[in-house]
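Below: the structure, in structure tokens.
Computed from the coordinates by the stated procedures, all read-outs in this text should not be read as laboratory data. Computed from a predicted structure; not experimentally measured. Virtual Cβ from ideal backbone geometry, glycine too; neighbours counted across all protein chains shown.
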Amino acid sequence: MNTLIIYQSVHHQNTEKIAKVMAQVLGAEIAKPETVKIEELGNYDLIGFGSGVYHSKPHRCLFQLIEQLPLQNSKKAFIFFTSGLFPIKFINDFQTPLLCALENKGFAVISGFNCRGWDTYGLMKYLGGINLQNPNEKDLQKARDFAQKLLQIK
Ligand SMILES: Cc1cc2nc3c(=O)[nH]c(=O)nc-3n(C[C@H](O)[C@H](O)[C@H](O)COP(=O)(O)O)c2cc1C
């Protein structure tokens, strides 16, 4: 399965760590949104979209990229995030906006993954940050297992 993982990771490279282990399992290429060649996306069977969470949302550059894409014919996609806090409906619901943007573009989003990431934003930095060790080896293994399951979906 020809796979591309597109991710943005601006705070502590937490999401990049997840993108890299998933890419190893999937044999995928990885790219930042600004380097994606839109005309080449047709070469991939599966596209992953990942981001840290910033003010309850994935990075805007992912939305800007998705907006530029042509309408897809149910191309398979998956989403993944690292965040300081757990997803919480209405308060920290970072999955829904990306899911909706992709579905509106005609992607078939087959799965999603999230884990905590080291967070020193705002007040957190005065506390020394939260999730200092994350993503830890357990998180990375969960990301590998998630990618392994994707391999089984044809
Ligand atoms: C500007 C900024 C805003 C953030 N806002 C949130 C938030 O609303 N909810 C949350 O759970 N984490 C938030 N975080 C924490 C990040 O989502 C977390 O550290 C994430 O792992 C960063 O991923 P990265 O290192 O790949 O950029 C924020 C971090 C930054 C820098």
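In terms of packing, defined here as the mean over residues of other Cβ atoms within 10 angstrom, the peptides 69-80, 47-58, 121-132 line up highest first as 47-58, 69-80, 121-132. The DSSP beta bridges internal to region 56-154 are antiparallel in roughly 20% of cases. Using the structure shown, list the pairs from LYS32/LYS89; LYS89/LYS125; LYS17/LYS75; LYS75/LYS149; LYS17/LYS57 with a Cα-Cα distance above 22 Å, or answer none. Pairs exceeding the cut-off: LYS32/LYS89; LYS89/LYS125; LYS17/LYS75. Each peptide in 38-45, 21-28 was scored by the mean count of other Cβ atoms within 10 Å over its residues; highest first, the order is 21-28, 38-45.
Only helices enter the 222 nm calculation for the chain: every DSSP H run of n ≥ 4 contributes -39,500 (n - 2.57), and dividing by all residues gives -9500 deg cm²/dmol, rounded to 500. Helix 95-104 and the long axis of the chain differ in direction by around 20°, with both axes built from C-alpha atoms. From the Cα gyration tensor of the chain, with a ≥ b ≥ c the square roots of its eigenvalues, which class applies: rounded if a/c is under 1.5, or else prolate if a/b is larger than b/c, or else oblate? Note, shape of the chain comes out prolate.
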